[in-house]
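Notes follow the structure.
The values are calculated or read from the model by the stated rules, or taken from the named source; none is laboratory data. Keep in mind it's a predicted model, so treat the numbers as computed, not measured. Here the Cβ positions follow ideal geometry from the backbone for every residue, glycine too, while neighbour counts run over all protein chains shown. For accessibility, only protein heavy atoms count, side chains too; no ligands or nucleic acids. Shrake-Rupley method; radii C 1.70, N 1.55, O 1.52, S 1.80 Å.
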Amino acid sequence: MRIHSFISFILFLTFIFFALINKNIFINEISADLVPTLKAALKSINFVSSIIKTIFTSLIIILLCAYFSFLIELSFRIKNIINKQLSIIMSWVIFLLVAFSLNSLIYPFSPTSYEFLTKNYLPFILVTLSCALILLAIVNHKRHIIILTLILLCLFLPIQAPALKNFSAEKNVIIVGVDSLRPDVLTINGFNNSVTPSIDAFINQAQYIPNVYTPVARTFVSWTSILTGKYPVETNARFNLTPLEIVDKNSSIAHLLSENGYQTVWAQDERRFNNIDESYGFQTIIGPPADAAEFLITSLNSIPSVSLFLNHTSLRLISPYIYNNRSAWWTYEPLNFVQEIASEIDKLDEKKPVFLATHLTLPHWPFKSARLTFPAKHEFDSSKPDEYLYLSMLAQADEQFGKLLNELSRRNILQNSIVIILSDHGESFGNKDDGPTSLFENANFTVNSQGHGTNVLSKSQFKVMLAFKDYSEKEAVFTASQNKNYSLIDVAPTLIKVLGLKKENTMTGLPISKTEKSREIYLESSINPLVMSLGKLQLLQTLAKGINFYTVAPNGKLIVKEAIYNESIAAKQRAIIIDEELLATFPDMQDEMIYVNLSSNTWQPASTVDNHQKIANMFKQLCSQYIKDVNKGLFQQCNNADMFLESIYTKWQH
C-alpha cells in the first residue's frame, strides 16, 4: 500500500505541474506583483484555512486512488501468477484508464479528457467496477478490505436531499438574473430566436419593460444597484470586487424583506467577481465560496480524480470550490445548480414567504460548459465563434430558467410569487451595430469594444432586459411606456410599491409606474478585465495583469487595491441619457464630448451640436450626479464646467 500511495502522490504532483504549464488552465501570466499579493493572502486566516482544507482533501483523494489501485493489484497477485512489480504497474495502468475514461465520459471538454465513450455506459462502469473490487477482496480472503471498500463506496452515495415542501405563504419574490443577456436576442424584439423558449414564454405573459439600462455593465455593480435602488456613485460599488466594507448595503431590499418576515436567499453559480453575501441581508447563500482561494483551488479541476471525487462524492462537502461552479466550466452541469437551489429551498420554513435572488452566469464569457448545445436556426460561423457559443450558453441558461420555474411551481411557490427576470448587462461582439455610427464621414472615434462595461456608447453592453409577472394577479400590476427610459435602480422601488411595504424613501430609483418622461439615466464604465487581441476575447487580467489591480483582504476575499481605487474612478467614462439623447465624457478627452442620437443611433462631437445650451445643461447635470467624484478631483472636466464647455467650442477657431 505504501508504494501505491507514493505513486499516487507523484501522479498528483505531475497533474499539478501540467496545470501550471498549461496557460489555459492555470495562471496565464506571472506578474512582478504576484509576490506581495501572495504575502497579503497568507496573512488571511480564511485564505490559509481554505488552502489547508484543500490540501487535506487532496491527500484523501491521493489515498483513495492508491487504495483502489491496490485492490486492482490484488487480482494480479492471485497464486503469484505475476510478480509484484508488474502487478503494480498493471494496476496503475488500469486505474488511470478507468479514471481518464470516466472523466472523458462525464466531462468531455476537460483538458484531460478524450471522447470515446457515451453516457449510457456510466451506470454499467460504476456498478461493474464496485462489484469487481469487492469480488477481488473476497477471492483474496481480505475481510478488512471488504469492509473498508464498502465504507469508501458510501462516498458515492447521493447526498440525501430534504423532502419536497409545499409552501403556502404569500407573497414570494423571485428575481432571476441572466448574465450578459442582450434584449435584442429575444423574440419580442424581433430576433429569429429559438434558443430562449422559456424566457420568451414568460415574457409573453409578463409585463415587459422597454428601454432599460444598467448603471455599470458589470455583475457586482449592477446587482448592488438592483438590490439597493441606488447608483454606484451613491453605494461606492464602482467595480467588481469592491471591498464590501466601503459599500453602502443598508438600503438593500433583502434587509427590508427580512425585517418583514421573509426568508432571504442569494444563489449564484459563479461568485468569483461578484462577492454579494449575508451583509446584503441574505440569510442563505448558495454557490461556491467567494474568496481568493477559489482562483487557485478551481485549477485543480483539470485533474481527473479531483473532478470525479469533488463532483460526485460527499467529499465536495469538505471542499465546495468545484461543485456547481461555473468558473470550473468543463465540469459545470447547468441543471445541477438549479437542483441545488431547489434542495436548499426545501430546507426553509414553508409557512414563511421566500425572497430568492439568483444569477445565472452561463452566457458570460468564456461561453462554455460541460456540454454543448447547438442552437437551432443558427449556423456556426468560423469568423464569429463567440457569437454562436454565446447563443449556445444562452440556450442552456434558458433551460435553467425553465427548470427553476418548474421546481418553484412544484413547491407551490410560483403561484404566490412576483417573478422578475432581468439581465445585469449586455455583451458586445464588436459588430458594427453594437455601437452608434458616425454622423460625419470624416469623424473617427472608438464607439464600441468587445465585452461589457468597456464603452458607455455601446448600447449592446448597457441596454438590458427586464420583465415582471405577479402570478397571484390576473392583470399587470403596473404599466411601462415605450417613450420612457428606465434603469435597474428602479427594480427595488417597484417591488416595495407593489408589495405595499413601508420604508423611508432613501432610494434614487423610482417605481416604474411613477417614472416621468425626460428623466435622467446615468451610465459609467468599469475597468476592463478583458483585452482584445486580433478581434478575439482573451483572458488576461484575471490572475495575470489583473493581479496588479487586486489584492487579498484579511477576510480572504479578493478585492480592488485601495491604492489604485481612486485612479480607476478617474479613468471612468460617464454618460447621461435624457429621452433619445446621450452625452458622454471620456477621461482622456479634455476638449470634447460625444453626443449620440439614440433614435437614429448616430454619434457626433458634442461641439458640432447646434443647441449649445442643451449640451451645457446635460453636461452640468452629469457633473451634479458625480459631485462626489468632482470634489475628489476624479472628474476633471467638471472641475470648472464653464471653462470646459468653452474649450470644446474654441478649439475650432484655430
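Restricting region 484-513 to residues that are among the charged types (D, E, K, R) and modelled with pLDDT of 90 or more leaves a set whose member that is surrounded by the most Cβ atoms within 10 Å (Cβ to Cβ) is ASP490. Beta carbons closer than 8 Å, at least 6 apart along the sequence or on distinct chains, pair a first residue in region 546-566 that is more than 11 Å from ALA41 (Cα to Cα) with a second that is of a type in the set (D, E, K, R) and at pLDDT below 80 for ILE547/ASP33; ASN548/ASP33.
Matching residues to (1) modelled with pLDDT of 90 or more; (2) open to solvent by 10 Å² or more (accessible area, probe 1.4 Å); (3) in a loop (DSSP other than H, G, I, E, B); (4) not aliphatic (A, V, I, L, M):
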residue: LEU155; (1), (2), (3), (4): no, yes, no, no
residue: ASN166; (1), (2), (3), (4): no, yes, yes, yes
residue: PHE191; (1), (2), (3), (4): no, yes, yes, yes
residue: LYS230; (1), (2), (3), (4): yes, yes, yes, yes
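Rundown of residues vs (1) part of a loop (DSSP other than H, G, I, E, B); (2) surrounded by fewer than 20 Cβ atoms within 10 Å (Cβ to Cβ); (3) without any contact (Cβ under 8 Å) to a residue 60 or more places away in the chain; (4) of a type in the set (Ser, Thr, Tyr), yes/no style:
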| site | (1), (2), (3), (4) |
| --- | --- |
| ILE174 | no, no, no, no |
| LEU181 | yes, no, no, no |
| ASP200 | no, yes, yes, no |
| VAL221 | no, no, no, no |
| THR224 | no, no, yes, yes |
| GLU245 | no, yes, yes, no |
| SER251 | yes, no, no, yes |
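Kindly evaluate SER417 against the criterion of being under 30 Å from GLU350 (Cα atoms), touching a residue at least 40 places away in the same chain (Cβ under 8 Å) and of a type in the set (S, T, N, Q). Here the answer is yes, as SER417 does meet what is asked.
Among the residues of region 550-586, those identified as within 19 Å of CYS638 (Cα to Cα) and charged (D, E, K, R) are GLU567, LYS572, ARG574. Any idea which residue in region 358-379 is most open to solvent (accessible area, probe 1.4 Å), counting only those that are outside any strand (DSSP E or B) and of a type in the set (Ser, Thr, Tyr)? Taking the candidates together, the pick is THR373.
Within region 386-413, residues that are over 19 Å from LYS469 (Cα atoms) have Cβ atoms under 6 Å from residues that are in a helix (DSSP H, G or I) in these pairs: GLN396/PRO334, counting only partners at least 6 apart in sequence or on another chain.
When PHE355, PHE309, PHE295 are screened for being under 22 Å from VAL247 (Cβ atoms), in a helix (DSSP H, G or I) and open to solvent by less than 20 Å² (accessible area, probe 1.4 Å), only PHE295 passes. When region 275-290 is filtered for residues that are out of contact with any Gly (no Cβ under 9 Å at 6 or more places or on another chain), in a loop (DSSP other than H, G, I, E, B) and either touching a residue at least 40 places away in the same chain (Cβ under 8 Å) or not charged (D, E, K, R) (or both), the ones remaining, listed by number, are ASN275, ILE276, GLY281, PHE282, GLN283, GLY287, PRO288, ALA290. Between LYS651, LYS632, LYS620, the distinction of being of a type in the set (D, E, K, R) and open to solvent by less than 60 Å² (accessible area, probe 1.4 Å) belongs to LYS651 only.
In region 633-649, the residues that are closer than 12 Å to THR585 by Cβ and without any contact (Cβ under 8 Å) to a residue 60 or more places away in the chain form Cβ pairs under 7 Å with partners that are among the basic types (Lys, Arg) and part of a helix (DSSP H, G or I), at six or more places apart or across chains, as follows: ALA641/LYS620. For region 275-304, a residue qualifies if it is under 17 Å from the mean Cα position of the chain (by Cα) and of a type in the set (Val, Ile, Thr), and the qualifying residues are ILE276, ILE285, ILE286, THR298. Of all residues in region 322-337, exactly one satisfies the criterion of being more than 12 Å from the chain's Cα centre (by Cα), open to solvent by 10 Å² or more (accessible area, probe 1.4 Å) and hydroxyl-bearing (Ser, Thr, Tyr), namely TYR323. Among residues belonging to region 519-578 that are over 30 Å from ALA616 (Cα atoms) and hydroxyl-bearing (Ser, Thr, Tyr), point out the one that is modelled with the lowest pLDDT. Of everything passing the filter in region 519-578, SER533 is modelled with the lowest pLDDT. Among what's in region 380-422 and is polar (S, T, N, Q) and in contact with a strand residue (DSSP E or B) (Cβ under 6 Å, 6 or more places away or on another chain), pick the residue that is surrounded by the fewest Cβ atoms within 10 Å (Cβ to Cβ). So the residue we want is ASN416.
Listed by first and then second residue, the pairs with beta-carbon distance under 8 Å, at least 6 apart or on different chains, first residue in region 590-613 and under 19 Å from PHE644 (Cβ atoms) and modelled with pLDDT under 95, second surrounded by fewer than 18 Cβ atoms within 10 Å (Cβ to Cβ) and among the small types (Gly, Ala, Ser), are GLN590/SER647; ASP591/SER647; GLN604/SER438; GLN604/ALA443; PRO605/ALA443.
Considering only region 203-215, I want to know if a residue exists there that is open to solvent by 20 Å² or more (accessible area, probe 1.4 Å), among the polar types (S, T, N, Q), touching a residue at least 60 places away in the same chain (Cβ under 8 Å) and part of a helix (DSSP H, G or I). Checked region 203-215: at least one residue is open to solvent by 20 Å² or more (accessible area, probe 1.4 Å), among the polar types (S, T, N, Q), touching a residue at least 60 places away in the same chain (Cβ under 8 Å) and part of a helix (DSSP H, G or I). Evaluating GLN604 against the criteria (1) in a helix (DSSP H, G or I); (2) open to solvent by 20 Å² or more (accessible area, probe 1.4 Å); (3) farther than 23 Å from VAL233 by Cα leaves one unmet condition, (1).
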